[in-house]
Amino acid sequence: MILFLGDSITHGTHWSSWIDFDPVQNEAVPGFTTDDVANQLQELGDLNPAVISLLIGTNDFGDVTVNRLAEDVAARIDALVSTILAQWPDARVLLCSILPRGSEFFERISVTNEIVSKINHERLTFLDCWSVLSDGDMLKSEYLLADGFDVHLNSAGYESWASVLVPALSGIRQDLRG
């Protein structure tokens, strides 16, 4: 089973329509921060995922209650990955880069992505989603949902993300099956 964790970006599509090689469970919750996912893990303890796809961090920047520095968010993601790997010792984690959003967040998101891309664990794969979704320091306008937010994807955005995410997940599953 592939378990999706994250915020509204991950929550916003039906991953089972993209993935036909494994059962999918999407536990992403709109508005979630790194702290929220860490707290959520206790509720998910009975699951037995083979792969966890994780995209989290954008709500740690610029929220009315949370506005963290890049190094803090990166440390929280690193700790979250360690907790996930300890909770599910046979699973692999696919860590997706935080997606681009408003230019005021560019520097912090870039630094966070740079730091977390270097997390070294044999059961962790980092996936750069920025390159397929960005137009410089923002999401490509043709990928934005018309909801007033600078980070929510429309169907074309999900298709673009899925073009790199699904092959990465499939490769991990093939490796696990031997």
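The table for this structure:
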| quantity | calculated |
| --- | --- |
| Selection count, segment 1-40, where residues are assigned to a loop (DSSP other than H, G, I, E, B), without any contact (Cβ under 8 Å) to a residue 24 or more places away in the chain and within 14 Å of the chain's Cα centre (by Cα) | 2 |
| Residue within segment 81-103 that is over 22 Å from VAL51 (Cα atoms) and under 13 Å from the mean Cα position of the chain (by Cα) present | yes |
| Hits in segment 13-29 (condition: touching a helix residue (DSSP H, G or I) at 6+ places or on another chain (Cβ under 7 Å) and closer than 16 Å to GLY157 by Cβ) | THR13, TRP18, ALA28 |
| Output for segment 55-67, where each listed residue is in contact with a Ser or Thr (Cβ under 6 Å, 6 or more places away or on another chain), farther than 18 Å from GLU27 by Cβ and not in a helix (DSSP H, G or I) | VAL66 |
| Close pairs (7 angstrom Cβ cut-off, 6 or more residues apart or separate chains): touching a residue at least 12 places away in the same chain (Cβ under 8 Å) and outside any helix (DSSP H, G or I) in segment 68-97, crowded, with 22+ Cβ neighbours inside 10 Å and among the hydroxyl-bearing types (Ser, Thr, Tyr) anywhere | LEU94/SER53; CYS96/SER53 |
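Only the coordinates and a few stated rules stand behind these numbers; no lab work does. Model, not experiment: these values are computed from the prediction. FYI the Cβ positions are ideal-geometry reconstructions off the backbone, even for glycines, and counts take in every protein chain you see.
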